[in-house]
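The values are calculated or read from the model by the stated rules, or taken from the named source; none is laboratory data. Worth saying up front: this structure is predicted, and the values here are computed from it rather than measured. In this analysis, Cβ positions are derived from the backbone assuming ideal geometry, glycine residues included, and neighbour counts consider all displayed protein chains. When the accessible area is computed, the model is the full protein with side chains, heavy atoms only, and any ligands, DNA or RNA have been set aside. Shrake-Rupley method; radii C 1.70, N 1.55, O 1.52, S 1.80 Å.
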Amino acid sequence: VVDVLGQGTDDPDVLTYCAAHGLVWITSDERARGHVTRWLRSGKALPGVIIVPQRHRVTPGRFVAILERLASEEALFAGVVRFAKQEER
């Protein structure tokens, strides 16, 4: 997001960009849930969102492992918003 939209881009603008480009939004910001809820309630579509809450830093290797596990699922975004399980973080 930083490379394309710039540092500090508001979440609704990130959602708009992701929806327009068919991208899944991956974030560690738990406040994203509220933005996504409002987005979906307004009738807008979204390819998906992955929220990896970081109460403690998630290493890049751990993060990739989370994505690999999700990618192996048959219906990856059946629920649109996914949270990494506690034991994965």
Q. When you look at LYS44, is it of a type in the set (D, E, K, R), out of contact with any strand residue (DSSP E or B) (no Cβ under 7 Å at 6 or more places or on another chain) and modelled with pLDDT of 80 or more, yes or no?
A. yes
Q: Go through region 18-60 and give me each residue that's at positive phi and more than 14 Å from the chain's Cα centre (by Cα).
A: GLY43
Q | Residue under evaluation GLU74, criteria (1) at pLDDT below 85; (2) open to solvent by less than 80 Å² (accessible area, probe 1.4 Å); (3) not hydrophobic (A, V, I, L, M, F, W, C), criterion not met | A | (2)
(Q) Between a residue in region 6-29 that is under 21 Å from VAL58 (Cα atoms) and any residue that is of a type in the set (Phe, Trp, Tyr) and surrounded by fewer than 16 Cβ atoms within 10 Å (Cβ to Cβ), which pairs come within a Cβ distance under 8 Å, given they are 6 or more apart or on different chains? (A) VAL24/PHE77
Q.
Given (1) closer than 20 Å to ILE66 by Cα; (2) in a helix (DSSP H, G or I), identify the lone condition not met by LEU23.
A. (2)
